[in-house]
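*Asks:* What follows is a structure written as structure tokens; I'll ask about it next.
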Amino acid sequence: MSGKPGPSAAATPPALPVTFRPVRTRVALLAIGAGLLVVLTVVALMMPSDGAQPWGPGDRATMIITGVLIFALLAVLSRPKVVADDAGVTVVNLVVRRRLAWAEIVKINLRTGDPWAYLDLTDGTSLAAMGIQPGGGRDQAIRAARQLRALAEARGSGQPGTR
């Protein structure tokens, strides 16, 4: 047996504040977006302005704007995160940000096959926490979900498993 705990090991609450985010996914999306923006801008500027099929300023602008829009879309897709601090949790998904007090969180779920973690709330609803997702690394997502669960148990009711 190695000294390294696997994903099934119990998590201890991390020091606060802590941010959970799929870093590899974020880096890949922003790098692809920046690369496409650069390529489309270079192509737009290198196209001929004279000859049989000249490119005018509108054509160039359209190409550059397309690159900016693609980058903006990928930047939105890279936005999800979960931030835990002393007062509670902030869940940032694609276009929605929601602030929760620790007492509002009943349970944190990340089941096999789930695209991201879900927070069960005291009002009976469930909130997707897209900042904790196995797509960026399964073990990392499991560890993050366990750490957030340990924080919720320690800071919520103070009674693990009773909520």
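The values are calculated or read from the model by the stated rules, or taken from the named source; none is laboratory data. From a predicted model like this one, the values you see are computed outputs, not experimental measurements. Positions of Cβ are generated from backbone atoms using ideal geometry, with glycine treated the same way; all protein chains shown enter the neighbour counts. The area values use the complete protein model at the heavy-atom level, side chains included, leaving out ligands, DNA and RNA. Shrake-Rupley method; radii C 1.70, N 1.55, O 1.52, S 1.80 Å.
*Asks:* Considering only protein heavy atoms, what is the solvent-accessible area of ASP59 at a probe of 1.4 Å, reported in Å² to the nearest 10?
*Replies:* Answer for ASP59: close to 80 Å² accessible.
*Asks:* Here's another thing I want to ask about it. May I ask you to rank LEU74, LEU151 by accessible area, largest first, using a 1.4 Å probe over the protein chains only?
*Replies:* LEU74, LEU151
*Asks:* Here's something else I'd like to know. Over the chain, calculate the relative contact order: mean separation of alpha carbon pairs under 8 Å at least 6 apart, over the residue count, as a percent.
*Replies:* Computed value for the chain: 25 percent relative contact order.
*Asks:* Skip the ligands, DNA and RNA, and give the accessible area per residue of the chain with a 1.4 Å probe, whole Å².
*Replies:* Values: 9490 Å² over 163 residues.
So the chain comes to 58 Å² accessible per residue, rounded to a whole number.
*Asks:* Within the chain, which complete DSSP H helices have Cα atoms spanning at least 24 Å along the helix axis and a mean Kyte-Doolittle hydropathy of 1.6 or higher?
*Replies:* What comes out of the filter, once short or polar helices are dropped, is 23-46, 57-77.
*Asks:* Heavy-atom accessible area of SER126 with all protein chains present, probe 1.4 Å, nearest 10 Å²?
*Replies:* That residue has around 70 Å² of solvent-accessible surface.
*Asks:* Only helical DSSP H runs with n ≥ 4 go in: add -39500 (n - 2.57) per run for the chain, normalise by residue count and round the 222 nm mean residue ellipticity to 500 deg cm²/dmol.
*Replies:* -13500 deg cm²/dmol
*Asks:* Where the accessible area of the chain is counted over protein heavy atoms with a 1.4 Å probe, how much of it, in %, is carbon and sulfur?
*Replies:* The nonpolar share, carbon plus sulfur, comes to 62 percent.
*Asks:* Spin-label point model (7 Å from Cα, Cβ direction): what's the LEU45 to ALA103 distance in nm?
*Replies:* About 5.7 nm, to one decimal.
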